[in-house]
1. For the stretch A:301-314, state whether one or more residues are more than 13 Å from chain B (Cβ to nearest Cβ) and closer than 30 Å to A:VAL169 by Cα.
2. I'd like to verify a number: residues in the stretch A:318-362 that are in contact with a Lys or Arg (Cβ under 6 Å, 6 or more places away or on another chain), in a helix (DSSP H, G or I) and closer than 30 Å to A:MET130 by Cβ, how many?
3. Exactly one of (1) in contact (Cβ under 8 Å) with a residue 40 or more places away in the chain; (2) under 19 Å from B:PHE269 (Cβ atoms) is unmet by B:ILE35. Its number?
4. Do we have any residue at all in the stretch A:435-448 that's assigned by TED's automatic domain parsing to the domain that holds A:LEU362, under 30 Å from A:LEU346 (Cα atoms) and out of contact with any strand residue (DSSP E or B) (no Cβ under 6 Å at 6 or more places or on another chain)?
5. Restricting to the stretch B:61-76, give me the number of residues that are under 17 Å from the mean Cα position of the chain (by Cα) and either under 15 Å from A:ARG340 (Cβ atoms) or part of a loop (DSSP other than H, G, I, E, B) (or both).
6. Looking at (1) crowded, with 17+ Cβ neighbours inside 10 Å; (2) among the β-branched types (Val, Ile, Thr); (3) within 14 Å of chain A (Cβ to nearest Cβ), find the lone condition where B:ILE136 falls short.
7. Would you please list the contacts, defined by Cβ atoms under 6 Å and residues six or more apart or on different chains, that run from a residue in the stretch A:482-499 that is within 11 Å of A:LYS8 (Cβ to Cβ) to a residue that is of a type outside the set (A, V, I, L, M, F, W, C) and surrounded by fewer than 24 Cβ atoms within 10 Å (Cβ to Cβ)?
Amino acid sequence: MSRSLLWKILLIVGVLAYSVFTFTPIGEKVKLGLDLKGGMHLVLEVQTKDAIKINTDQQVITLRGLLKDSSIGFESVRATAVNRFEVLGYSADMQQRVRDLLDDEFPDWSRSIDDQSAVLTLKPNIQQRMEDQAIEKAMETVRNRVDEYGVAEAAVQKVGIGSGNKILVLLPGVDDQKRVKELIKSTAMLEFKHVEAGPFQSEEEAKSNYGGTIPEDMTLYRSAGGRLGKALYVLQAATVVPGKDVRNAARSMDQYGGPAVSFTLNNQGQSKMEKYSAANIGQRMAIVLDNRIESVATIESVLNYNIQITGTFTVQEVDDLVLTLRSGALPASMKYLETRSIGPSLGADSIRKGIIASQIGLALVVLFMLIYYRGAGINSVVALLFNIIILLGVMVAFKATLTLPGIAGIVLTIGMSVDANVLIFERIKEELRAGKVPKMAIEQGFGKAFSTIMDANITTIITALFLFQFGTGPIKGFAVTLMIGIVASMFTAIFVSRVIFDLTYGRRKKLDKISI
Amino acid sequence: MRMLKKDTKIDFMSMRWLAFAGSGLIILTGIFFFITRGFNLGIDFTGGTMVEVSLVKGLPISELRAGLSQVGMGDAVIQKVEGSDQKYFIKAMQKTGQVSLEEDHEQTVAAFRRALNEHVGLVDHSSDAAGNKLDINNVSEKTLIDFFVKEGLSEEDAATSTEILLDMRKNEVGLITDFAQIENSGLKKRVITLLKEKGFLGDYTFLNVEIVGPQVGKDLRVKTTLAAVWALIGMLIYIGFRFKFIFGISALVTLFHDVLVMLTFLLVFRIEMSLQVVAAILTIIGYSLNDTIVIFDRVRDNLQLMKKDKAEDILNASVNQTLSRTIVTSGTTLLAVLALYLFGGEVIHTFAYTLIIGIVFGTYSSIFQSCAWLKIFESAFLGRKNG
């Protein structure tokens, strides 16, 4: 046996051993989908009022800015309810200008105005639309998170019609249910806020700084601990840049080498941040995550879009935060109403039938190959068995979830995977017919079929890659299985089959006839 | 063994107009049905009704499914709530032809009841067997108070008795399973006799009735479409790079053909569109592409070997040389899928059906269509004047 052949055999054995090691014990390692094994039935309620409140807070800052820009003096602008805010204390002769400004800039709000104050209330139809959008966005975000975590076969559905604010999430068995549940729910509400004063050691201390009560347009925030310690800061209630303007989060390292999160802002966020930081150099800004201050920094120059959050994160926390930021912040917080385990959606009977059918399908393919290609058929059947082993191993490694259609898909992949063998064998036959000696025919058959197999499979892999990159949910899962199937079949057909041919015929000095 | 006689020399190119006409006719039929009738969208696309039902005594899922089949909802999703032998989630929709989910909803709930009453043999207030008796497990608070008052209880007694009964229903399964529970509940003797005489314990109750939105909502549909468009562009670029741009176009047209023919079959035979069917269509795209590229690969070789020949001859030779491979591969795949279709049971049925259509027409299009399109774009394909 030649050295190179020995190496090839070792490689094959290695791949097989790795695959077998990965997926055994098969009952535990292969993840079964909702249809085969059941999973979690989660109902979440979206606190849509949150989204309305955030919007109102934003409008408060906008109005303040607009009043300042048009040099209209006023006492305060503040939110008085989730969907209402007011402006107080402008002089009576400004009433007309305030009215014009409100009419122009706040068409979504109904207003009542007198010579000192104006109250704006969000129009009910607009509020309804915003709440609906919040639910849509929440669903999209939940789906993204589940996808990013790698649960391909989950279902995310709205419960109720019209004013419904509940989301049903069906999760097949995942390793760390608790982590996923937290991940789904985590608002990852990131805000950049202006620091007014701090740090304080206690609420009283902070309050006394303002003569007993914190002004209405400011809020007291706690730090998340870590390097900031257990401190309190008084921040502007209004947000400078909301989390929805965050784009592309990634794990990075802070100056002390600890895990941190870097991200960039979108155009809207950039322009807000630039404007704000330019006007506030030397002041401090806080990064607030889910209502806790993660870091406070002095603005040293105009900030644009590349920002880092440092804190006291563990690597897993950073990864989860990156995942949630990347999948988009939730527009509002959510609450779990129901958490239940549910059984498989298919009866034992359906599952058994599906598996038997798959086995019959496989047997038929094997039988066909043996009859049609005789000796070489054995070769392709061995390759096919290896293929199944590798497929299972890689599926487990990729955390793919197996559903009944998925099993059917594997059977189909197997039907298709013999294609590479067929291509090679047909080429060998052609070469034999053209009068080549068997050894030459095998050599050239493999050689000529190679480029065909590569082209055909690479085209399919490219299609699958794009589906994986841009698709979501079940489409993603499908793309993964497809890619794994193709790569495994290329390996077995081109590599394993060749080695088997070499082992069978390679040592014979004289080879007159091959069984094909 | 040989599937085909030695070196076939079938003139596929001369049949191209026939193939175009045949496919065109099928696709036109599809368009006609699409306009007049539309797709038969399944619960994945439309959403449906979900109830959580609690039974006095647990039943196997297959029995529940059999009952639901009788009212035309055999494809309902039935899942047991773990940790309880009596609670199930049932998700389905009643094809009422109604446009809105709300209208469909009422009828679906009614159909669930009918299935359980008439076909599973359970009794609740809505079944005929209940007669005029009161279903203690399903009656509302107000009706119960009214009933007691009408039977001559004082208002105060009526209220306390009702409260006791409703409290008993607030257990893990939401049902009173046994009359003995009522007898030992501290209710007045008179009330117990009254309940025994004029009431009964319903066999089931709906703990929760909800409308659920589609699993494939607008957001998912848009994303999937975009993903498919990107996938096709990627494929086009690769083929353009490895072959010639025109091969990519021809492959693309062939793919569209396959998808449209499959959709036509789904439309004409009212096959329910589900996520499974979408997966089947995607699989076929991959499959058919594979088939087409293998033939194109041969065309590329032959373009070098047969420099002087006409386009028809090059294309015919290529299709013929790869014909036995095309048929063998289709054959093995079809074998596997046929097994799924025949033995796989109800659940894989539509998946397998869609695949069979796809494989048959995917093979047909690889042989009869892909090269025919190259012939249509002859000058770009040859890159030379036909001499």
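1. Restricting attention to the stretch A:301-314, the residues satisfying the condition of being more than 13 Å from chain B (Cβ to nearest Cβ) are A:301-314.
Next cut, closer than 30 Å to A:VAL169 by Cα only: A:313-314.
Yes: the stretch A:301-314 contains one or more residues that are more than 13 Å from chain B (Cβ to nearest Cβ) and closer than 30 Å to A:VAL169 by Cα.
2. Count: 1.
3. Checking B:ILE35 against (1) in contact (Cβ under 8 Å) with a residue 40 or more places away in the chain; (2) under 19 Å from B:PHE269 (Cβ atoms), the one that fails is (1).
4. As a first pass, look at the stretch A:435-448 and keep what is assigned by TED's automatic domain parsing to the domain that holds A:LEU362: A:435-448.
The next check asks that each one be under 30 Å from A:LEU346 (Cα atoms); those that pass are none.
No, the stretch A:435-448 contains no residue that is assigned by TED's automatic domain parsing to the domain that holds A:LEU362, under 30 Å from A:LEU346 (Cα atoms) and out of contact with any strand residue (DSSP E or B) (no Cβ under 6 Å at 6 or more places or on another chain).
5. Qualifying residue count for the region: 5.
6. (3)
7. A:VAL499/A:LYS8
Here is a yes/no grid of residues against (1) of a type in the set (D, E, K, R); (2) touching a helix residue (DSSP H, G or I) at 6+ places or on another chain (Cβ under 8 Å):
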| residue | (1), (2) |
| --- | --- |
| A:SER380 | no, yes |
| A:PHE386 | no, yes |
| A:LEU391 | no, yes |
| A:ALA397 | no, yes |
| A:THR401 | no, yes |
| A:ILE424 | no, yes |
| A:ARG427 | yes, yes |
| A:VAL437 | no, no |
| A:GLY445 | no, yes |
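The values are calculated or read from the model by the stated rules, or taken from the named source; none is laboratory data. In this text, all values refer to a predicted model and were calculated from it rather than measured experimentally. Cβ: placed from backbone, ideal geometry, glycine included. Neighbour counts: every protein chain shown.
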